[in-house]
Amino acid sequence: DYLLSVPYQPFEHYLRFLREASTDPSVKEIKATQYRVSDHSVVVNSLIAAAENGKKVTVFVELKARFDEEANLKWANEMTKAGIRIIYSIPKLKVHAKIALVIRKKGSKHGDQAYLGTGNFNEKTARLYGDHGLFTSNPEVVKEVKDLYKHLEDQKVRPKFKHILVPGFNMVHVFIQMIEQEIENVKEGKIGYILLKMNGLQDGEMVDSLYRASEAGVKVDLIIRGVCTLKTGQPYSKNIRVIRIVDRYLEHARIFVFLNNGEHQVYMGSADWMKRNLRRRVECVFPVYDPDLKKELLDILNIQLSDNVKACEVDVRLSNNRIVTKGPDIRAQVATYEYFKNKYTIPLL
């Protein structure tokens, strides 16, 4: 597995993944979702090249991507001309998942591969948005991504998911289950801890679950850039801290961490804890199993929790208060840049 963190690492790694798949003789099929792409999309051109090279290409195009409907229609028409199978929006559902799949011929040395992301397949916003993506060939995860595509192609197909989390199947249940596990750990005298990073937190059931965890003694750290209906500073939320970071790059990633008695459960994905994401969209939240990648994500999140330059803490009145601490200034986005600069001296791929 490889972890891609934009804009600190180049989105070119994903573009190269598609380009190489489009010319690889062992690749027979490519599937991808399209939510927001750039005006001159290298992503779409790579998919068109794959179709022209004889690959079977299927793209699910979400026509209800606000402000990008025209661009999505334009590219859908171009892809159709190239022989790509286009599947359009599902009625009453918005497909928000960011997933791509490369399927190889049987007996291939590399096997099938997937890229699962927290952000759009858009090389323009990848320079401005802080997002993460996972390259994986884990056969169990890849199989479930295939099953999700089967559901997108035919909603009568109802797969069972054990690894990825999908609304309407297992997402809410599993998230609440992991919160409850932290509560149980505290009751058993262990440490309970939850760390969540999202664009928004508004779903009542999830907010109540976090209150219940706080009351039980679970420490909860939340990094929420946008809307947050959870109230801090109450007796039922005394163990919850909410911060938000607004800086040069838009903090767009969604990461979900549960201490799990020291065996961290780490997930990433496209879904915020908003009613629309958890109840009315097709989303994909996926596990990070590799211990080194887990550590990398935890390092980044801990840098963000230490920000005392661009971070604000949300108080009981839902006001933003600048964080003032003793010691050196820590600006998370600069510190994250330095983290990657020092950690990697050669390209990831």
Relative compactness, the stretch 269-318, computed as alpha-carbon Rg over 2.2 N^0.38 Å: 1.55
Of Gly117, Gly168, Gly269, the one that fluctuates the most in a GNM where the chain has Cα springs shorter than 10 Å: Gly168
Under the Karplus curve 6.51 cos²θ - 1.76 cosθ + 1.60, θ = phi - 60°, whole-Hz ³J(HN,Hα) for the stretch 322-336, x wherever Gly or Pro sits: 4, 8, 10, 9, 6, x, x, 5, 10, 9, 3, 5, 5, 5, 5
Proximal aspartates and glutamates relative to Lys150, as straight alpha-carbon distance under 17 Å, when same-chain residues fewer than 8 apart are discounted: Glu29, Glu62, Asp112, Glu140, Glu283
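With a Förster radius of 41 Å, plug the Cβ-Cβ distance of Glu215 and Thr325 into 1/(1 + (r/R0)^6) and report the FRET value to the nearest 0.05. Numbers along the way, then the final one.
Working: r = 27 Å, r/R0 = 0.67.
After rounding to 0.05, the efficiency reads 0.90.
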Dipole magnitude of the stretch 285-340, debye to nearest 20 (Cβ charges: Lys/Arg +1, Asp/Glu -1, about Cα centre): 280 debye
Cα shape, the stretch 196-349, gyration tensor, a/c 1.5 rule: oblate
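Using 0.36 nm times the number of residues separating Glu140 and Tyr289, minus their current alpha carbon distance, what extension gain do you get? Display every interim value, and only then the final one.
Values: separation 149, 0.36 × 149 = 53.64 nm, distance 1.17 nm.
Working it through step by step, the gained length comes to 52.5 nm.
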Distance from the stretch 92-161 to the stretch 286-328 (C-alpha centre basis), Å: 28 Å
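Give me the percent of the accessible area of the chain that comes from carbon and sulfur atoms, probe 1.4 Å, all protein chains in place.
Details: 8100 of 15940 Å².
Looking at the chain in its full context, I get 51 percent from C and S.
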Solvent-accessible ranking of Glu184, Glu215, Glu283, Glu20, largest area first, probe 1.4 Å: Glu215, Glu20, Glu184, Glu283
Computed label-point distance, nm, for sites Arg241 and Asn260 using a 7 Å Cα→Cβ extension: 2.4 nm
Lys/Arg +1, Asp/Glu -1 at C-beta; the stretch 203-341 dipole; positive extreme among Leu298, Tyr249, Ile330: Tyr249
Net dipole in debye of the chain [+1 Lys, Arg Cβ; -1 Asp, Glu Cβ; about Cα centre; nearest 20]: 660 debye
Greater than 32 Å apart at Cα, pairs in Lys190/Lys294; Lys94/Lys187; Lys146/Lys310; Lys124/Lys294; Lys219/Lys343; Lys28/Lys162: Lys94/Lys187; Lys146/Lys310
Entry for Cα Rg over 2.2 N^0.38 Å (calculated from the structure that is shown) out of (i) 1.07; (ii) 1.54; (iii) 1.00: (iii)
Largest-first principal axis extents of the Cα set of the stretch 123-201 (Å): 46, 37, 26
Full-extension gain in nm, Arg280 to Leu318, via 0.36 nm per residue minus C-alpha separation: 11.0 nm
At 1.306 mPa s and 10 °C, Stokes diffusion of the stretch 77-161 via Kirkwood alpha-carbon radius, µm² per second: 106 µm²/s
Residue-averaged 222 nm ellipticity for the chain, from DSSP H runs of 4+ at -39500 (n - 2.57), nearest 500: -10000 deg cm²/dmol
Inter-probe distance in nm under a simple model that places probes 7 Å from Cα toward Cβ, at Ile191 and Lys106: 5.0 nm
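The values are calculated or read from the model by the stated rules, or taken from the named source; none is laboratory data. Treat the numbers as computed from the prediction; the structure is a model and nothing was measured. Using ideal geometry, Cβ is built from the backbone for each residue, glycine included, and neighbour counts are taken over all protein chains shown. Ligands, DNA and RNA are excluded from the accessible area calculation, which covers all protein heavy atoms including side chains. Shrake-Rupley method; radii C 1.70, N 1.55, O 1.52, S 1.80 Å.
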